[in-house]
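J.: Take this structure, written in structure tokens, and hold onto it; I'll ask about it next.
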Amino acid sequence: MYNLGNLLWHSDSSFKPAPAKYSMLHARVIPPAGGETEFADMRAAWDTLPEAMKETVRRLVCEHSLIFSRAQLGFDDLTKEQKARCAPVPQRLVRRHPGSGRLSLFLSAHIGRVRGWPVPRGWR
């Protein structure tokens, strides 16, 4: 179930109350044409948002759920115990880096909903 996450764009372990502070990649085999690992600078994403959008999202809290992201891949046949163990956790959408003070978006395929916003029709 955990390895399915590699199929979706995500922030590592954002579905845990204390998400990963660092992530490291280790290539075991590198294809001749190169790999397909992608990175996104969420600081730059924040910096380029219009001021009105920054004000709209600055205080939002999202619920990150391993169950939500895996369901997007068709893996949703879980027991009540598994669902309880993987209950959604709140994470701020905008974070401040303690060292640099820069603001950054904290986005992930694990986001199942934004607190206070309606859930789009058809979502779980």
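The values are calculated or read from the model by the stated rules, or taken from the named source; none is laboratory data. Given the structure is predicted, the values throughout are model-derived calculations rather than measurements. Positions of Cβ are generated from backbone atoms using ideal geometry, with glycine treated the same way; all protein chains shown enter the neighbour counts.
J.: Within the stretch 13-59, take every residue that is at pLDDT 95 or above and of a type in the set (Gly, Ala, Ser) and give me the one that is nearest to ARG70 (Cα to Cα).
T.: Checking each candidate, the answer is ALA45.
J.: Please pick out the residue among HIS110, HIS10, HIS64 that is modelled with pLDDT under 90 and touching a Ser or Thr at 6+ places or on another chain (Cβ under 7 Å).
T.: Criteria check complete, one pass: HIS10.
J.: Looking for whichever is of a type in the set (Lys, Arg) and part of a loop (DSSP other than H, G, I, E, B) here; the options are ARG43, ARG28. Which one fits?
T.: Matching residue, one of ARG43, ARG28: ARG28.
J.: Further, regarding this structure: Which residues, taken from the stretch 5-47, are surrounded by 10 or more Cβ atoms within 10 Å (Cβ to Cβ) and more than 14 Å from the chain's Cα centre (by Cα)?
T.: The answer is GLY35, ARG43, ALA44, ALA45, TRP46, ASP47.
J.: If I ask for residues that are assigned to a strand (DSSP E or B) and farther than 17 Å from ASP12 by Cα, which ones from the stretch 65-108 would you list?
T.: The answer is ARG96, LEU103.
J.: Next question. Which residues, counting only those in the stretch 77-106, are closer than 11 Å to LEU60 by Cβ and surrounded by 11 or more Cβ atoms within 10 Å (Cβ to Cβ)?
T.: Answer for the stretch 77-106, where residues must be closer than 11 Å to LEU60 by Cβ and surrounded by 11 or more Cβ atoms within 10 Å (Cβ to Cβ): GLN91, ARG92, LEU93, VAL94, LEU105, PHE106.
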